[in-house]
Amino acid sequence: MKIICIGRNYINHAKELNNEVPAEPVFFMKAETALLQKNQPFYYPEFTKDLHYEVELVVRINRVGKHIPKEFAHRYYSELALGVDFTARDVQKYAKEKGLPWEKAKAFDHSAPISKFFDKQELGNVANIEFGLRKNDAVVQKGNSGDMIFSIDHVISYVSKFVTLKIGDLIFTGTPEGVGPVAIGDELVGSLGDNDVLVIPIK
Ligand code: MG
């Protein structure tokens, strides 16, 4: 199983980090050991002093595919979850400046907490899913899948040109604006539609 993450998929988030709005999707991967499930606590890693949350919609691939045409991409997933793409922003900033890969900043253990999965029928129109994140009860991020620069189907099609998608692979589809730091003792709560679906105590 692999975890593919899309970067810079919401215009206002690309701007808040002073990144160009990309002409094609940007993707990177996290290791399978990045997964954190069942609302387990996240332990703040020792190698960063600026750990950021990025709340994202997550798609679970349900068939094997390579070179998937965009118009058929909807057949390759039936479930979505809410996830957080934890990012060691200081480590990422250093890597960006030096032109180095992002794995140390993005792919570390438990950097990908996710909720349980929901059938996409349950969520209604996948191009209009509201989601958000609260930190200690204050809303910090609010997004809608309709604001993605590259739609879920576009992303699936694009990534599959390079990497064969397999059953159980996850795609983090990018974060809206409002990313920011967490500290030990904080609690993050993620929502999908009107429901709180993900709780992450930071320890
Ligand atoms: Mg992200």
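In this structure, is S115 among the hydroxyl-bearing types (S, T, Y), over 21 Å from N12 (Cβ atoms) and more than 14 Å from the ligand (Cβ to nearest atom)?
Considered against the rule, which asks whether it is among the hydroxyl-bearing types (S, T, Y), over 21 Å from N12 (Cβ atoms) and more than 14 Å from the ligand (Cβ to nearest atom), S115 comes out as yes.
If the requirement is being of a type in the set (G, A, S) and either surrounded by 14 or more Cβ atoms within 10 Å (Cβ to Cβ) or within 11 Å of the ligand (Cβ to nearest atom) (or both), which of these qualifies: A14, A23?
A14
Name the residues in the range 183-192 that are more than 15 Å from the ligand (Cβ to nearest atom), more than 14 Å from the chain's Cα centre (by Cα) and surrounded by 14 or more Cβ atoms within 10 Å (Cβ to Cβ), would you?
Selection gives D186, E187, V189.
Looking only at the range 30-86, which residues are under 26 Å from N128 (Cα atoms), within 16 Å of the ligand (Cβ to nearest atom) and of a type in the set (V, I, T)?
Those that are under 26 Å from N128 (Cα atoms), within 16 Å of the ligand (Cβ to nearest atom) and of a type in the set (V, I, T): V55, V58, V59, V84.
It is to be established whether one or more residues within the range 62-77 are touching a strand residue (DSSP E or B) at 6+ places or on another chain (Cβ under 7 Å), basic (K, R) and closer than 24 Å to T33 by Cα.
no
Mind listing just one residue for me: the one in the range 157-182 that is aliphatic (A, V, I, L, M) and assigned to a strand (DSSP E or B) and, of those, farthest from the ligand (Cβ to nearest atom)?
For the range 157-182, the residue satisfying everything is L165.
How many of the residues making up the range 135-156 are part of a helix (DSSP H, G or I) and either surrounded by 14 or more Cβ atoms within 10 Å (Cβ to Cβ) or within 16 Å of the ligand (Cβ to nearest atom) (or both)?
Number satisfying all stated conditions: 7.
Only one of these is modelled with pLDDT of 95 or more, within 21 Å of G190 (Cβ to Cβ), out of contact with any Ser or Thr (no Cβ under 8 Å at 6 or more places or on another chain) and of a type in the set (A, V, I, L, M, F, W, C): L80, L17, L100. Name it.
Answer to the check: L80.
Yes/no per residue for (1) more than 12 Å from L188 (Cα to Cα); (2) modelled with pLDDT of 95 or more; (3) hydroxyl-bearing (S, T, Y):
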site	(1), (2), (3)
P113	no, yes, no
Q121	yes, no, no
G124	yes, no, no
E130	yes, yes, no
R134	no, yes, no
Q141	no, yes, no
S145	yes, yes, yes
S151	yes, yes, yes
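Regarding Y44, is this residue over 22 Å from L17 (Cα atoms), hydroxyl-bearing (S, T, Y) and not in a strand (DSSP E or B)?
yes
The values are calculated or read from the model by the stated rules, or taken from the named source; none is laboratory data. Remember, predicted model here, so these are calculated numbers, not experimental data. As a convention, Cβ positions derive from the backbone with ideal geometry for all residues, glycine included, and neighbour counts pool all protein chains shown.
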